[in-house]
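*Asks:* Right, I'll just put the structure down here and ask away after.
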Amino acid sequence: MIKKFVFVCILSVMGITSQAQELDFGLKAGVNFSELTDADDLDNRTALLAGAFVGLKFNDKFAIQPEILYSQQGGDSDFGDYHIDYINIPVIFKFYLIGDVLNVQAGPQFGFVANDDFPEFENIENQIEAKSFDMSAAVGAGLDLPFGVRVDARDNFGVTNAIENTDAKNGVFSIAVGYSFL
């Protein structure tokens, strides 16, 4: 079901691409400040975010920017770290407020677990496991600066539970810098 959903999303983006007036392609990297909400005794995890983006601008005010990102998320504690690394696919809608520079952003993000690292406890029958799929909602702001430089800050709010048999959801604030090749 998840594969079908992603396939439909890719086809939709391809259909939208044919109507775009401007194309933007680049790489980005940044830092995540993540937490697992509703999880007691966990501190934030500060970690890496890196990937690629394709921007499709339709007019002076509206663009869509699908991305593929490697995102390190989770939380840290004194009794073990709860690290979940994802391949995230955000589909960001951008609305430009000031010219073609300042924009506000919002959209869904689909995450697939690439790696999880949880503490193992003795005498516990069911060890902790991450769910293989994560969905969140992203909101933020960005700057499209001269010479292809892109800067954005986003807050991602988990919609689905990140860990089996818990109510813990991902909460991630990220800051990233990118470079557009086009």
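The values are calculated or read from the model by the stated rules, or taken from the named source; none is laboratory data. Computed from a prediction, not measured in an experiment: that's the story for all the values here. Glycine also receives a Cβ, built like all others from the backbone with ideal geometry; neighbour counts cover every protein chain displayed. When the accessible area is computed, the model is the full protein with side chains, heavy atoms only, and any ligands, DNA or RNA have been set aside. Shrake-Rupley method; radii C 1.70, N 1.55, O 1.52, S 1.80 Å.
*Asks:* Quick one: would you say SER77 is of a type in the set (Gly, Ala, Ser), under 23 Å from GLY158 (Cα atoms), modelled with pLDDT under 95 and open to solvent by less than 80 Å² (accessible area, probe 1.4 Å)? Steps first, answer last, please.
*Replies:* On the way: of a type in the set (Gly, Ala, Ser): yes; under 23 Å from GLY158 (Cα atoms): yes; modelled with pLDDT under 95: yes; open to solvent by less than 80 Å² (accessible area, probe 1.4 Å): yes.
Yes: the conditions hold for SER77.
*Asks:* Of all the residues that make up region 77-99, how many are without any contact (Cβ under 8 Å) to a residue 24 or more places away in the chain and of a type in the set (Val, Ile, Thr)?
*Replies:* Count: 1.
*Asks:* On to the next question. Report, ordered by the first and then the second residue, all pairs with beta carbons closer than 6 Å, sequence separation of six or more or different chains, a first member in region 152-174 that is under 15 Å from HIS83 (Cα atoms), and a second member that is aliphatic (A, V, I, L, M) and surrounded by fewer than 21 Cβ atoms within 10 Å (Cβ to Cβ).
*Replies:* Matching pairs, first to second residue: ALA168/ALA39.
*Asks:* Test of understanding: among ASP24, ASP43, which residue is modelled with pLDDT of 75 or more and open to solvent by 60 Å² or more (accessible area, probe 1.4 Å)?
*Replies:* Working: ASP24 fails: open to solvent by 60 Å² or more (accessible area, probe 1.4 Å).
Just one listed residue meets the conditions, ASP43.
*Asks:* Within region 149-182, take every residue that is open to solvent by 70 Å² or more (accessible area, probe 1.4 Å) and β-branched (Val, Ile, Thr) and give me the one that is nearest to GLN109 (Cα to Cα). Write out each step before concluding.
*Replies:* Taking region 149-182 and keeping what is open to solvent by 70 Å² or more (accessible area, probe 1.4 Å), we get 157, 159, 164-165, 167, 173, 175, 177, 179, 181-182.
Still in the list and also β-branched (Val, Ile, Thr): 159, 175, 177.
Numbers: VAL159: 10, ILE175: 16, VAL177: 19 Å.
Checked region 149-182; the qualifying residue nearest to GLN109 (Cα to Cα) is VAL159.
*Asks:* Let me ask something else about it. Which residue pairs have Cβ atoms under 8 Å apart, sit 6 or more places apart or on different chains, and have a first residue in region 49-64 that is in contact (Cβ under 8 Å) with a residue 60 or more places away in the chain and a second that is aromatic (Phe, Trp, Tyr)?
*Replies:* LEU49/TYR70; PHE53/PHE25; GLY55/PHE25
*Asks:* Could you check region 86-100 and list, in sequence order, the residues that are at pLDDT 95 or above and closer than 24 Å to LEU27 by Cβ?
*Replies:* Let us first name the residues in region 86-100 that are at pLDDT 95 or above, namely 86-97.
Scanning region 86-100 gives TYR86, ILE87, ASN88, ILE89, PRO90, VAL91, ILE92, PHE93, LYS94, PHE95, TYR96.
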